[in-house]
Each structure stands twice: as structure tokens, then as C-alpha cells.
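The values are calculated or read from the model by the stated rules, or taken from the named source; none is laboratory data. This structure is a prediction, so every number in the text was calculated from the model and none was measured. Neighbour counts are summed over all protein chains in view; Cβ atoms, including those assigned to glycine, are modelled from backbone coordinates with ideal geometry.
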Amino acid sequence: MDEVLRNSYLKGRLSGEIVIPPDKSISHRSLIIGAIASRELKEKIRIKNLSSGEDCIRTYEILESAGVEFQKVSDKELFLDAKKAFINPYEPLYCGNSGTTVRLLSGLFSSLNGFECEFTGDESLKKRPMARIIEPLSLMGSEISSNENKLPLKIHGKTLSAINYVSPIASAQVKSAILLAGLNAVGCTKVIEPYLSRNHTEIMLKYLGAKIKVGKDKTGFWTTVEKSHFEPKDIEIVGDISSAAFFMVAAAIVPDSRVLIKNVGINPTRTGILDIFSQTKVKYSILNERIVSGEKVADIEVCYTKDIEPFVIKGDIVPRLIDEIPILAVLAAVARGKSVIGDASDLRNKESDRIKVLVEGMRAFGVSVEEKEDGFIVHGAIKPDFDVELETHLDHRLAMSYYVLSLINRGTTIINGFNCCETSFPEFLKLMDKLKQF
Ligand code: S3P
């Protein structure tokens, strides 16, 4: 059921430290790649600090219905055993809100000769484009039928052949779908993308000993993969910078705040928000850098910053902060001047049409925003004082971005369907409450 959240101006500050929950993208990959490795090794794989967000639960459930067995150690830790996988599931596979689940698993399942399945999803996922994976996977020989390139997708697994695929977009979901199919294809598969998208699939495959290579030449950023043997290793998941981003921006805009966010993944393909913080003179420091299961991680401290400068997001930084654009729009609303977000038309294909819905939401808070085909322009320096009622359109990142803006809105903010933040971040309100000091 849709929950309504009513929030009002924070008459205080945000202060203290929190541990940020596990990364959603890496959690999906730990389950999927963990299953591939466990099946090949005929051994269990231990996964530590797994996301409890609904999206990752969808991936877990689907793997379970394809014969992967799980033994829970605790809330966030389990053993995965894929010795008997993969078997044909009886029922359609429900992916909920999760694009990563359907796109990555389409890659794996379409490479399993004789595997049959059907993917479905919620109202948001049913609207999202799937041609971006159907096309390359079909070129490899897979048989996928769809409802005009949207869900439901029916997959008939085949023995696939390697391809050289030049992706027109920088998308980690597309790249990962092809790499996961390529792991089981005949020959060496190559994916080239125009800008580097998040590389967690590549890092995890390398960490587990798979035959994966990456590089850059005049054609773009390339990755190759082939059939591989794996090494038995535990996988530990670092905290999610996309979840940390809400607290980072909240700390920067709520007067007198200082927040320490622990265990945040700082893979360079995800840290575009830190570049924007530097551009806008937001005060932050990176502490205690280390490597966990191949991924860079650190603690991030952010302090309230009085005069936040406006900023520009365009070109190769876009994939490095694609999921942070809603919360960076909040930062832009406070920044003193005009911020420009462009080259981001794929935002229209996310959990909602994030350009259209965000522009409407920001306007409700009194922000002057110009909508563009590939982004928007925000005229900042607002001090919102409005009673606002917003819809989340099943988009978790919009729900949490509106919440952060509501902390400085002197009117009452009502967010309908707020519980969609469970998709990635069920702990959001609890952690926010922990930091509020009155
Ligand atoms: C993701 C990749 C990105 C991102 C999404 C998660 C992933 O999508 O927006 O939230 O885990 O691979 P695209 O690949 O569509 O850019």
C-alpha cells in the first residue's frame, strides 16, 4: 500500500555518524556472479553485507526459483550454493521495480541452453525500454520475445556466440548483460562503450579470477570476457554512495550540520557527486580509504556550506553520477545561481521519467526550473516556504530527494507513496532520525 509521509522544516541540524547500507548494484552482482562462480566451482560462496532493499530481494528470489540455494547466516550475510542450478522456474519471474534484475539476469539466462523463463515487473518497470539488451543478446544468438521491447520478456536460452558490440549508450546494465552472456558464449566477447559506466561487474569477475580484460582506445572504453574458471572467495559488499548522497547533500544544505558517513564505496565510476561537491565548494573530506573485495571504500565527512556555487553536469561525468541527479537537483536549488544538467536524456528511462517528474516536483517547492530534452536548468538560491504535495511515481530516488528538500522547506511537505524508498534504502528514515539534533 502507498504510504504518505508528512515532513516539516528541521528546526535543528544534522549531526553524528552513520554506517551506510550495502551497495545495490554490487549486491545484485554478488548474487548473480556468486551463483555463476558457485556453480562452476561446485562450492558455496559466502556473501557479507548484502543489501536488504526490495530490488536485491527480487534478484535473490529469482535465483532461488532457478535452483540456487541460500543459507542465511544473519540479516545481511548468507551462503549461496548453486551446485544444482540452473533449473527452469515454474512461474513467471517477478522483478518488481528492478531494471538491474531483469537486464542482468536476461544476459545470464539467455546463455543457458534449454533454459526457459518469463520476466515481469511492476508498473514502473513495465514502461522501461528493453531493446537495449534484446538487441545485443539477439546478435549473440539468444531468442527473446517481448511486448514491443517492453516486459514481459520471454527467454529461450541457447548456446551463444561471442560478439564485438559497440554500445550506443554508456550503460552498466547493458554492458553487464552482455558480459554475463559472454561468460558462457563460444569465443571472446567484447563490449565497447562511449564513456565508462560503473564497472562493478568487471571488478567482481576479476576478483573471482575470471578471464576479463579492460582498456581504452579510440573506439571507446572496452571490456572483453571469455569462459572462465573461478576462485572460491568471500564477497563483501561496500556501502552505497548513491544512498550516502542523500545524507551528503542534506548535511551540505541544513545549517550547522556535520555528518560522518562510514563505509561508502568510492569506486571512481560512481564518484561524480564528489567532483560536483569540489566544483560547488561543498566542504567534505575523505577518510580511511581501503579496498574491500576489489572495491575502493572510505568514510566521508560533509559539513554545512553557506555559499554553494552553481554547477554544470555534462559529458563523461553523467554515467558517474546518473543516479544522483535527483539529489543534485536539490543541491542546485540551494546553490547561488544557474546550474545546468545536460547529456542526461536516459533519465527519462529510469524508475520514472526523472526529468519530467523532477521538474514538476521542484516547481512545487518554488524552484524555477527549465525542462530540456536531455536535462534541465535550475535557477537556485531558493528558501522554500510552501505547503507541497508530491507524487513519487514509484521512484525511490525522487522520494528521498524530496525528503531532503523538505528539511529546509518552511511549509509542510507531503510525499505520497514514500514507501517506494524500500526499493533501495529501507533504513533511510531511521538513519535520518538518528542524525537530527534539535
Ligand atoms: C545500474 C546501472 C545504471 C543505474 C542503475 C543501476 C547497475 O543504469 O542507473 O540504478 O546496477 O548496473 P544504466 O545501466 O541504465 O545506466
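Quick check on my filter: what residues within the range 312-338 are crowded, with 19+ Cβ neighbours inside 10 Å and either of a type in the set (Lys, Arg) or touching a Leu at 6+ places or on another chain (Cβ under 8 Å) (or both)?
Scanning the range 312-338 gives ILE313, PRO319, ARG320, LEU321, ILE322, ILE325, PRO326, LEU328, ALA329, VAL330, ALA333.
Tell me, yes or no, whether the range 403-412 has at least one residue that is modelled with pLDDT of 95 or more and in contact with a Lys or Arg (Cβ under 6 Å, 6 or more places away or on another chain).
Looking for residues that are modelled with pLDDT of 95 or more and in contact with a Lys or Arg (Cβ under 6 Å, 6 or more places away or on another chain), one finds none in the range 403-412, hence no.
Right, LEU180: crowded, with 24+ Cβ neighbours inside 10 Å and within 16 Å of the ligand (Cβ to nearest atom) or not?
Yes, satisfied.
Failed condition for GLU422, given (1) at pLDDT below 95; (2) not basic (Lys, Arg); (3) not in a helix (DSSP H, G or I), with all others met?
Only one criterion in (1) at pLDDT below 95; (2) not basic (Lys, Arg); (3) not in a helix (DSSP H, G or I) is unmet by GLU422, namely (3).
Please specify each residue of the range 326-342 satisfying the condition of being more than 16 Å from the ligand (Cβ to nearest atom), touching a helix residue (DSSP H, G or I) at 6+ places or on another chain (Cβ under 8 Å) and β-branched (Val, Ile, Thr).
Those that are more than 16 Å from the ligand (Cβ to nearest atom), touching a helix residue (DSSP H, G or I) at 6+ places or on another chain (Cβ under 8 Å) and β-branched (Val, Ile, Thr): VAL330, VAL334.
Select from the range 124-140 the residues that are free of Cβ contacts under 8 Å to residues at least 40 places away in the same chain, of a type outside the set (Ser, Thr, Tyr) and surrounded by fewer than 17 Cβ atoms within 10 Å (Cβ to Cβ) and write down the one among them that is farthest from the ligand (Cβ to nearest atom).
Among those that are free of Cβ contacts under 8 Å to residues at least 40 places away in the same chain, of a type outside the set (Ser, Thr, Tyr) and surrounded by fewer than 17 Cβ atoms within 10 Å (Cβ to Cβ), it is LEU139.
Yes or no, residue by residue, for (1) under 25 Å from ASP307 (Cα atoms); (2) β-branched (Val, Ile, Thr); (3) at pLDDT 95 or above:
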| position | (1), (2), (3) |
| --- | --- |
| GLU360 | no, no, yes |
| PHE365 | yes, no, yes |
| VAL378 | yes, yes, yes |
| ASP387 | no, no, yes |
| MET400 | yes, no, yes |
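Only strands (runs of 3 or more DSSP E) wholly contained in the range 237-325 count here; list those with 2 or more residues that are within 14 Å of the ligand (Cβ to nearest atom), in contact (Cβ under 8 Å) with a residue 40 or more places away in the chain and touching a Gly at 6+ places or on another chain (Cβ under 6 Å).
Because the criterion is at least 2 residues that are within 14 Å of the ligand (Cβ to nearest atom), in contact (Cβ under 8 Å) with a residue 40 or more places away in the chain and touching a Gly at 6+ places or on another chain (Cβ under 6 Å), no strands (runs of 3 or more DSSP E) in the range 237-325 meet it.
Consider ILE169 against the criteria (1) aliphatic (A, V, I, L, M); (2) away from the ligand (no atom under 12 Å from the Cβ); (3) in a loop (DSSP other than H, G, I, E, B); (4) surrounded by fewer than 19 Cβ atoms within 10 Å (Cβ to Cβ): it satisfies all of them except one. Which criterion is unmet?
ILE169 satisfies all of (1) aliphatic (A, V, I, L, M); (2) away from the ligand (no atom under 12 Å from the Cβ); (3) in a loop (DSSP other than H, G, I, E, B); (4) surrounded by fewer than 19 Cβ atoms within 10 Å (Cβ to Cβ) except (2).
Considering only the range 77-118, state which residues are within 18 Å of ALA177 (Cβ to Cβ) and of a type in the set (Lys, Arg).
Across the range 77-118, the qualifying residue is only ARG103.
Which of the numbered conditions does THR159 fail, given that it passes all the others? Conditions: (1) surrounded by 20 or more Cβ atoms within 10 Å (Cβ to Cβ); (2) more than 30 Å from GLY53 (Cβ to Cβ); (3) of a type outside the set (A, V, I, L, M).
The single condition THR159 does not satisfy is (1).
Collect the residues in the range 339-360 that are surrounded by fewer than 24 Cβ atoms within 10 Å (Cβ to Cβ) and of a type in the set (Lys, Arg), keeping them in residue-number order.
The answer is ARG348, LYS350, LYS356.
Tally the residues that are out of contact with any helix residue (DSSP H, G or I) (no Cβ under 9 Å at 6 or more places or on another chain), under 27 Å from TYR165 (Cβ atoms) and either within 16 Å of the ligand (Cβ to nearest atom) or free of Cβ contacts under 8 Å to residues at least 24 places away in the same chain (or both), restricting the search to the range 83-123.
0
Answer with yes or no whether GLU370 is free of Cβ contacts under 8 Å to residues at least 12 places away in the same chain and either closer than 16 Å to THR392 by Cβ or surrounded by fewer than 16 Cβ atoms within 10 Å (Cβ to Cβ) (or both).
yes
Considering only the range 183-221, state which residues are touching a residue at least 24 places away in the same chain (Cβ under 8 Å), in a helix (DSSP H, G or I) and within 16 Å of the ligand (Cβ to nearest atom).
Correct list: HIS200, THR201, ILE203, MET204, LEU205.
State yes or no: is SER52 farther than 21 Å from TYR207 by Cα, touching a residue at least 60 places away in the same chain (Cβ under 8 Å), touching a Lys or Arg at 6+ places or on another chain (Cβ under 8 Å) and assigned to a strand (DSSP E or B)?
Against the criterion (farther than 21 Å from TYR207 by Cα, touching a residue at least 60 places away in the same chain (Cβ under 8 Å), touching a Lys or Arg at 6+ places or on another chain (Cβ under 8 Å) and assigned to a strand (DSSP E or B)), SER52 does not qualify.
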